[in-house]
Amino acid sequence: MKKILIAPFLFLIKVYQTVISPLTPPTCRFQPTCSHYAKEALEKHGLLKGGKLAIIRIFSCHPWGRSGYDPVPEKEEL
């Protein structure tokens, strides 16, 4: 079920990475890039938590924000 819910978002990320991103200069301040982070967050945490992590990351990627290595957090096991 999780894969079905995130599939459209992963498709949009893939389109961005292959069509739009090569046409723009590299400006992401983080490693991994925001699009790779969003993809991994959705795959690892699902639509709600992964989407929230991706949105927070995208909004923090600006000239006055932080930068550097910022991996997707590991999934917490209960």
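Taking Cα extents along the principal axes in Å straight from the coordinates, which label in (i) 33, 25, 18; (ii) 58, 28, 14; (iii) 37, 28, 15 is the correct one? This structure yields the entry labelled (iii). Couplings 3J(HN,Hα) of segment 59-76, computed from phi: 6, 8, 8, 8, x, 9, x, 7, 7, x, 6, 9, x, 5, x, 5, 6, 7 Hz, in residue order, whole Hz [Karplus 6.51 cos²θ - 1.76 cosθ + 1.60, θ = phi - 60°; x for Gly and Pro]. In summary, the aspartates and glutamates within cross-link reach of residue 2, defined as a Cα separation below 20 angstrom excluding same-chain residues under 8 places away, comprise 40, 43, 74, 76, 77.
From the Cα gyration tensor of segment 1-40, with a ≥ b ≥ c the square roots of its eigenvalues, which class applies: rounded if a/c is under 1.5, or else prolate if a/b is larger than b/c, or else oblate? Verdict is oblate for segment 1-40.
Applying 1/(1 + (r/R0)^6) with r as the Cβ-Cβ distance of residue 29 and residue 76 and R0 = 25 angstrom yields a FRET efficiency of 0.40. Annotation note: GluC sites (Glu not before Pro) in segment 16-78 located in DSSP loop regions with a Cβ neighbour count of at most 12 within 10 Å are 74, 76, 77. Measuring nothing but how far apart in sequence close Cα pairs (under 8 Å, 6+ apart) lie, relative to its length, the chain scores a relative contact order of 34 percent. Using a 1.4 Å probe on the protein heavy atoms, what percent of the accessible area of the chain belongs to carbon and sulfur? Reported share for carbon and sulfur atoms: 68 percent.
Sites count as exposed loop sites when they are trypsin sites (Lys or Arg not before Pro), lie in a DSSP loop, and have at most 14 other Cβ atoms within 10 angstrom; the longest stretch of the chain without one is 1-65.
Extension gain, residue 58-residue 1: 0.36 nm per intervening residue step, less the Cα-Cα distance, totals 18.0 nm. Once the piece of chain linking residue 66 and residue 36 is laid out straight, how much longer is it, given 0.36 nm per residue of separation minus the C-alpha distance between them? The span from residue 66 to residue 36 would gain 9.1 nm if fully extended.
Per-residue ellipticity at 222 nm from helix content only, as computed over the chain with -39500 (n - 2.57) for each DSSP H run of at least four residues, stands at -18000 deg cm²/dmol. Length gained on full extension, residue 47 to residue 10: 12.3 nm, using 0.36 nm per residue less the C-alpha separation.
The values are calculated or read from the model by the stated rules, or taken from the named source; none is laboratory data. As the structure is a computational prediction, the values presented were derived from the model and not from experiment. Every residue, glycine as well, gets a Cβ built from its backbone with ideal geometry; the counts of neighbours run over all protein chains shown. Accessible surface areas use protein heavy atoms only, side chains included; no ligands, DNA or RNA. Shrake-Rupley method; radii C 1.70, N 1.55, O 1.52, S 1.80 Å.
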